[in-house]
Every structure is written in C-alpha cells, then in structure tokens.
Amino acid sequence: MSQAPVTPLAPTMRPLSRARAWIQNPVRAIVFLGALAIISILAASEIYLMGLRKNSVEHALHEAVSISRILSEQSTRALQGVDLVLHGIADRMANLESAQLAQVDRDFLVRTLLKSRAASMPHISSIFVVDRKGRVINDSSDERGDTEINIADREYFQFHQQAGEDKVFIGPPLINRQNDTWTVHMSRQIHGPGRTFGGIVVAALNLDYFEHIDSLELNYITPISLYLNDGHLLARAPRDASLIGHPFELPPAASPGEAIRAVRQTNSPDITLFRPLDHFPLTLSVSVSENVALAEWRENAVAIRTASGTISAFILLIAFLLAREVMREQALAGHLAQTAQTLQALVDTAMDAIVTVDANDRIVLFNPAAEAMFGRSAASVLGSRLDCLLPPRYRQSHADYRSQFSTMPHRSMAITRTVFGLRANGDEFPIESNISKVTIQGKTLHTAILRDVSERQQAQQALTETNAELSRLSAALITLREEERSRIARELHDELGQLLTGIRMEISWLGGHLGRDQIKLIEKTQAIKGLIDQTIVSVRRISSDLRPLVLDDLGFSAAANWYVDQFSARTGLSIALNLAEEDPPHDEALATTLFRVLQESLTNIARHAEASAVEISLLRRNDEWIFSIRDNGCGFMQNGQRPAGFGLLGMRERVRSVGGSFSVASTPGQGTLVEAHIPINQESSNAKIPSPAGG
C-alpha cells in the first residue's frame, strides 16, 4: 500500500501552530487569561444572582404556603369548634316538646347554657336561639333586655327556612343591630316535630379573632384575607374596615387534589395564594410581596456585583503587573543566565570548601576546594552520605545536630562550629564550618562552608602557651620589682637614714663647739643641718613611695589611710575613703596589689583627670573583694581597645596575677571608674611569687 499524502493536513495544522505560538507568548497568555477570568467572574456572578433571586422568591412562596396552611388549619379548627357547639345546642333544642320550646324564651337555664358555650371560645361573641318565625327567643348576651328582635329578613335565617338542609351556614358580614359592628353569623337548623323547620341556633363570630396573627413572623407576606367562596371579604390582616363585606373576584376553584392556587396580580409583582378551607365555604388568601422578598437579594446583588467588579479590576491590575513583570523577566533572562554562570564559577574557584546535602544527607554539591581538602573527587562523593567525610565517632553527634538545626526557624548558624573531617587517606583534621539551609521547590538543602583550621589551632595553642608564659613572667617581674623596692626602701630608711642622722649629730656637735664670735660658721652649720633635715624627709618620702613600711607592719587599711591623707594634703583633692570593717588578711601579694592600684589610680587622677573629688571603696561581696576608685574628672573616650598607658596595663597585670579581673569605665565629662574584683579563695594560693633567684 502506498502512504497517504499529508499535504491536505497542512492548511489545518498551520492555524493551530500559529494559535499555539500566539498563546505561548507569556504576555499574550496573561492578557488572554485575565480577560477570560474577568468574563468568567462577571458571568458566574450574574448566574449566581439569578439563582439567588429565584431562591428568594421560592423561599417567600414556600413561607407563604406554610403560613396559609397554618392559618387554614387554625381557622378550620376554630370553625369546627363553633359548629360542634351549634350542633349540640340544635340537637338539645330539637329534643324539646313544642310547649317546652315555647318556654325557651328567656329561660335562665338555656341562657346559662348559651353563655357557657360562648365563653368557652374566644372567637364567639354571642350565641342566640331563633324560633321558626324569626324571633330571637334566647341568647348569651344581656344586651337584648325586653326588646323583641326579629331576624326573619336575615340571609342565614332564610337559607335554613327555605333549604331545609341540615348543614352549617356562614353568611356574609353584617352590621350588628345592637352595637353597629361587623359580624359574621354561623348557623344551624333546629328540627321541629317530624323533622320540620323549628328555628335556628346562631353564633356571632368575632372577626378580630381571625385578624390577630401577631404570633406569626410575616417577613414577606401582606395582606392575609379570609373570603366566603362567593367573594365577600370576612377578615383581613392588616385590618382595613372599609373593605369588610365587599365582594371580590376569586380565581376558579382549585382542581381536585390541588390544595392551593397561586395567582400573580395584574400589573403588580405580588403573588397571591388561595387555599380553600376544608368543610367550610371559605377561602384563605396570602399575598407575597416580591419587592419585599427581594430586598435582601438586592442588597446582596449590590455587594456581589461590587465584589465581582472589584475582583475584575484587581485581576486586570494583576494581569497588567504580571505582563510588565514578565517583560522585565524576559529582559533579565540573559542577565540571570550570565549570573548563574558567574555564581557557578565563584563556587568552583572559592578558596573554601563548599559542600551541599539534601534532606536525606546526600551530597549534591562538592566544589574543587572540597576535593583538595578531603582528597576526594566530586564524582566519587556525589550521591553519597555526608558520613563518608566524618570520622566514625562524630557521625552520630553530627546527625543529632543536623536534626536539631533543621527544626530551627533561622536559615543560618549564628556561631561558627568546629568539627573534624576525614581525608581519603584516613587522616583526621579540624575544620571550621558555617552551615545554612534553604528551601528550593519544596526541597531543603543544607550548605556547609568548610575551612581547614589545623594550622590556626596549632598557632592558637602556641599563642596560648606563650601568653601563659608571659603572664608567669609578668607576675615574676612584679614580685621581683616589689622585692627590689622593699630592699631599696629599707636601705634608704635604715642605712642612709642612719648616716644622715649621724651627720646631723656631728654637725650639731661641731656647731656647739664654735665660738660665739664665729657667726658665719654658726650660720653655715645651721644651713647644713637644714639641708640634712630636708634630705632625711626626702629619703623617708622616697622610701615610703617605694614601699611604705606601714603596709608590711599594719596591713592595707592602715597603709591606705596613711597614703590618702598624705596624697590629699599634697594635691588638695577631696578623697572619701570607705573601707570594709574586715581588713583583708595580711597577704603580701593581695595587700601590695590593692595598694599599687590605689597609688597608680590617684597618680593618674592627679595628672590627667582634672578632678576635684575622689571616692574609694573596698567591700566584700559573696566570695570576692571589690575595690573601686571613682573620680568626677573629665574622663576619656573608650574605643573598645586596651588602653595604651603602661599604668593601666600594670594595674591589670597586677590584679590578674592574684586571680582577679580589672576594668576601667569612662565617659567624657562624667569621670572615670577603676574597679578590681579579686576572689577570696585566691588569696592563699596567690601569695608572694618567689623570684627566679629563689627557685
């Protein structure tokens, strides 16, 4: 068989291809979808509103049907009750003899019977008995008195007199002759001897009973009317007295099996439902106001149309913004591709190792720096678990940490974490890692930037050891300096002081042996004695500055009081000294440290602070001594670095040598606070550090 030619399909395929190419343009697709969405929303809202309108009308009609059924049943039960009363009275009257019936007129027992029956039903205003001639011979009302009333001309009397049928009769509304009110009469025939016409028993019905329907909630229904089947209006709610008794045209009777008939009023949106009452020649009508029934629908329609219009405008705006954004994205597509290439190049050329794993801890990225660090190729580790890069003893802790990190809300670690890696040759080495997580298309990726810190740790360990040695050397130097100061102070005080005292005594002896006429020599000896006295004072001052003897003999509190008095007298500063009641133990290292901090701080205040007052306090809090010196001087700016002055550095080293901490807080214009915290449990262990010479 030869292959069928395909050329006839080409004209059909070209429009489809052109349409597909047209719709595949993102901007055109957005415009098309936006217009389709707007049209769909507007059409759907109108269809929905039509359905709501239909439902509202049907709901109103359903409510009208329910109310008509309820009122019809209520009216039927009320009329059946009246009929039973009339039937019972008629039967009782029929059992009386002619002579007895003649005596019914104004008979007390009969009247009592009529009153009790009328009182038992609120819709009966009165019940009366009429003889064959039309005379009212007894009734439940006292309004008749001695007046003789004849109703032979009434329609309900003539109906029973002529028809002779044993059935209830309901006549049209009539004006009551006694009180000029509208009344509906319901009557039954009284049979005389031989089933002859012996009169009637009549119940006057209260129309208000049929017009009071306050117990029902009428949302859309107005009015409700009760007609005779010939069209005469008996009752209406809301009531309109001018319409009572007027004839109206009723629709044809309902078909057999049809309980209700709906009729739309001419030139009106209202619908009236007509329901005949069972067993009685009455019809109940219920009118439904379509305008009222649709009031809520109109409010909803305005809201829905406004909402659909707003949504359509919003979709139009979104479509415009999307189209503009798509055009921008198309313009940036090339730049994004170039950026992706640049990013890949940066990852490949990064000096730090970069490793990315997925949610299953499988490696998905392994850059060249990671290959060099671990001695593994990317091809050999991609798809493998990260455990292959970790020593076995750290794998479980890494899994626990990663599980904990996955539940954290932040996307990256705030603190760099140091772990150990495993090279291909089995060597372990410390690495510093920064871990971050990102979710792409629902998949969570963890990226670690790794750095080999083997050399750094070695350098840090060496630096720590060097710092420890320097600290020990500094403590030894401080001790040596204090020992040297003590030695020099003792030599100045003892040897040089004794020599100067001896020289003064010799000069005094020499002056005492000079003759009174040797005035110049006497003056010269007095001048030499003065110079010797000044030298002795200077020697004592220098000796005290180097190492006050009171510090060694009486402790820090006595030395501090002595030095503050001397310093205040020399500089004029107002110094408030507040020392703890408990004097620090006579610990040479602690007492010396506190005294040197006091001495150096006051010296700095006198030189630089331009202060007028100083507060010094030493107190014991918990397990430490707190020594603070505060001045009200000019202060200085702190830049977060260690102070450059050797005085502050010396104080810091002294406090550190006894296991304490030292701090300086200063603000320009607000003075300076120098504070030292020295643990009490360090006092015994940080006693005098022996000099290198002493072993």
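The values are calculated or read from the model by the stated rules, or taken from the named source; none is laboratory data. Only a predicted model underlies this, so the values are computations on that prediction, with no experimental measurement involved. Reconstructed Cβ throughout: ideal geometry from the backbone, glycine too, with neighbour counts over all protein chains shown. Ligands, DNA and RNA are excluded from the accessible area calculation, which covers all protein heavy atoms including side chains. Shrake-Rupley method; radii C 1.70, N 1.55, O 1.52, S 1.80 Å.
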Check the straight Cα-Cα distances from Lys133 and name the lysines below 24 Å, setting aside those fewer than 8 residues away within the same chain.
Lys115, Lys167
To the nearest 0.05, what FRET efficiency results for Ser661 and Ala350 with a Förster distance of 45 Å applied to their C-beta separation?
0.60
How much length is gained if the chain between Arg620 and Arg456 is pulled fully straight, taking 0.36 nm per residue apart and subtracting their Cα-Cα distance, in nm to one decimal?
54.9 nm
Compute the distance in nm between two label points, each set 7 Å from the Cα along the Cα-to-Cβ direction, one at Ile522 and one at Thr444.
10.7 nm
Sorted by mean Cβ packing within 10 Å, highest first, what order do the peptides 331-340, 504-513, 280-289 take?
280-289, 504-513, 331-340
Förster radius 51 Å - calculated FRET efficiency between Phe320 and Glu155, Cβ distance, rounded to 0.05:
0.05
Need one number: nm distance between label points at Glu588 and Ala29, each 7 Å from Cα along Cα→Cβ, rounded to one decimal.
9.1 nm
So Cys388 and Phe197, fully extended at 0.36 nm per residue minus their Cα-Cα distance, gain in nm 56.6 nm
Provide the solvent-accessible area of Trp562, counting protein heavy atoms only and rolling a 1.4 Å probe, rounded to the nearest 10 Å².
80 Å²
Could you give the length gained on full extension between Ser436 and Ala576, defined as 0.36 nm per residue of separation minus the Cα-Cα distance, in nm?
44.7 nm
Computed from the beta carbon distance with a Förster radius of 60 Å, FRET efficiency for Asn95 and Asn291 to the nearest 0.05 stands at 0.55
